[in-house]
Structures are given as structure tokens and as C-alpha cells.
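K.L.:
Pasting a structure here, questions to come.
Read the figures in this text as sums done on the coordinates, not as results from a lab. Here the structure is a predicted model, which is why all the values come from computation and not from measurement. A quick note on method: Cβ atoms are made from the backbone with ideal geometry, for glycine too, and the neighbour counts reach across all protein chains shown.
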Amino acid sequence: MADKPKLAVWKFASCDGCQLSLLDCEDELLTVADHITIANFPEASRAVLDGPYDLSLVEGSITTAHDRDRIQEVRRQSKFLVTIGACATAGGIQALRNFTDVQAFMDIVYASPEYISTLDTSAPISAHVKVDFELRGCPINKHQLLEVINAFLNKRNPNVSPNSVCIECKKRGTACIMVTQGTPCMGPVTQAGCGAICPAYNRGCYGCYGPMESPNTSSLANAMQDLGVTEAELQRMFRAYNAEEPAFRQEGDCHGEESQ
């Protein structure tokens, strides 16, 4: 066992959904477990082995000073560090607080906000430490996760598609809902990985996987405006699960009442 690579899974500000995606692998996880030592994974086991670790998977964003210090220690203990999910790669849904006064939120939510210690922003892991690979999604695709683990343990680059959700629609034979139904959809600028589930059920893509490679967000925004989408609605569409991804952040800032 001592010769097996060590895998560690870490949680920061998140819902645990991306960690559960690893547990959802079930039979595949048993195969992976034959080749690695799961050294730290609270969702699966209370047993914890000391580092260093060959591969660390990190879920969640950095929202407190304590977590900012903790992620730096995780980085020091990890040969490779991979962030998993929208929270870790783009600040997550909680990054919506970055667009307003976080103190105002605390005053509304907590009876005694003076006891809350938090940073002003919810930031992706890459804002604080070097990241070797980002696996996007809300939640992530378990098959892509297995590919990433396999790639790093075998010293090769992960084979994760940079294409848009539109490609997945074509693969499953789903007609474009923007063209055929006039339904606003983030698919043309969103990275593939979900299997185009929402368009298959006549719903527009929500952008769960963040921006694809070289997304033309302004062109999509113009097309949505032609469908009657308002400035405020456009801003909300780009300020969702991946609001801190630069491409989505910049496009979101171009819309809404504050941009006019």
C-alpha cells in the first residue's frame, strides 16, 4: 500500500455535490481504489493519512481567512492539485455576493452578524494557489473526474472536451431550442460535460460548466436580445454558477441596470 499514489479530497465552501460525484462512480471507484491509496476523503472514510499527497482534489471556494491559510497548506502537501466544480473553479453561486456589500447579506441572514468572520469575496482556488487543472461543472461529470484522476496518476494530460454544449446537442440529436423554439440558451458559450440535459427537455442551458474555450459571449447576448431577453435577465444569466469566470463576469458587467 505504501507504494500506491496517495489521493486526498478536500472541501471548502461548497455543497459537497462534487465530492459525491466521486462516490457515485461506485464500481469504477472500486477499480480506482485498487491502484491508489485514498489518504484523506471525509465523505468516504474517517481514516486520514499524513501527506504529502500525489493528487489532491479540491471542492469549494475560499471565503474565510482560515480557509485561505488552509488551501496554502494543501498546496504545499500536494504534488498535483485539481479543482473540481464551479465553486472551486469560479467562486460558485456564493460568488454572487461579490457584486454587492457582503455586510448587508450578513445583517439579513444572521441574528448576530458580529460573530461572523468572512472575506469580502468568494474566490476560486486559483486566486490563492497554483492549480494544475480545473474540472468544471455544477456538479462535475463523474466520467470526466475519473479521466482526470487516471491522467494525473499516469502522468499525461486529461482528455476533457473543450467544446460547447451545442456539440452535445448535435450528438444526441437535439434540435437547437434557440432556433426552433426561441428559447434563450447559454449552450453556445458553455463548456460541454453535462450531456446537454436541459436542452433535451426543452429548457435553455444554464451555463453550469462555465465558459467554453474562446466563448463569443457578446454575440450570444445579441442573439438573446433579439429573442426579447432584457438587460437585467442577461446579467442574471451570466451571473450564476460561474459568475467569477472572466468571460462570464465581463459579459455580465455589460448588462443590467448598473451598466446602463
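K.L.:
Quick check on the exposure proxy: order Thr63, Thr89, Thr183, Thr31 from fewest to most C-beta atoms within 10 angstrom. It would help to have the intermediate numbers written out before the result.
P.N.:
Numbers: Thr63 24, Thr89 31, Thr183 16, Thr31 10.
Ordered from fewest to most neighbouring Cβ atoms within 10 Å, Thr63, Thr89, Thr183, Thr31 come out as Thr31, Thr183, Thr63, Thr89.
K.L.:
Pull out the extension gain between Thr180 and Cys254, defined as 0.36 nm times the separation in residues minus the alpha carbon to alpha carbon distance; nm, one decimal. Please list the in-between numbers first.
P.N.:
Working: separation 74, 0.36 × 74 = 26.64 nm, distance 2.73 nm.
That works out to 23.9 nm of additional length.
K.L.:
What is the fewest-to-most order of Leu7, Leu29, Leu20, Leu57 by other Cβ atoms lying within 10 Å of their Cβ? Walk me through the numbers on the way to the answer.
P.N.:
Values: Leu7 23, Leu29 17, Leu20 14, Leu57 29.
Listing Leu7, Leu29, Leu20, Leu57 from fewest to most nearby Cβ atoms yields Leu20, Leu29, Leu7, Leu57.
K.L.:
For Val58, what is the net charge nearby, where nearby means another residue's Cβ is under 11 Å from its Cβ and Lys, Arg count +1, Asp, Glu -1?
P.N.:
Here the count lands on -1.
K.L.:
Next question. Take the Cα coordinates of segment 165-259, assign each an equal point scatterer, and use the Debye formula without solvent to give log10 I(q)/I(0) at q = 0.11 Å⁻¹.
P.N.:
Debye intensities relative to I(0), on a log10 scale: -0.27.
K.L.:
Mind sorting Ile84, Ile93 by how few other Cβ atoms lie within 10 Å of their own Cβ, fewest first? Walk me through the numbers on the way to the answer.
P.N.:
On the way: Ile84 30, Ile93 19.
Going from sparsest to densest Cβ surroundings: Ile93, Ile84.
K.L.:
Quick check on the chain: helices-only [θ] at 222 nm, where DSSP H runs of length 4 and up contribute -39,500 (n - 2.57) each and the sum goes over total residues. Nearest 500, please. Let's see the in-between values first.
P.N.:
Working: 12 runs with 94 residues, N = 260.
Theoretical 222 nm ellipticity from helices: -9500 deg cm²/dmol.
K.L.:
Where Lys and Arg each count +1 and Asp and Glu each count -1, what net charge lies around Pro184 among other residues with Cβ under 12 Å from its Cβ?
P.N.:
Values: positive: Arg203, Arg236; negative: Asp226, Glu233.
With Lys, Arg at +1 and Asp, Glu at -1, the neighbours total 0.
K.L.:
Roughly what % of Cα-Cα distances in the chain sit above 25 Å, to the whole percent? Numbers along the way, then the final one.
P.N.:
Numbers: 16149 of 33670 pairs.
Counting pairs separated by more than 25 Å, the tail of P(r) holds 48 percent.
K.L.:
Which one of Gln191, Phe105, Ser122 is farthest out on the positive end of the charge dipole of the chain, using unit charges on Cβ (Lys, Arg +1; Asp, Glu -1) and the Cα centre as origin?
P.N.:
Going by the charge dipole, the pick is Gln191.
K.L.:
Computed over the Cα atoms of segment 6-153, what is the ratio Rg over Rh, Rh following Kirkwood? Don't jump to the answer; show the numbers that get you there.
P.N.:
Numbers: Rg = 15.9 Å, Rh = 15.9 Å.
Rounded to two decimals, Rg over Rh is 1.00.
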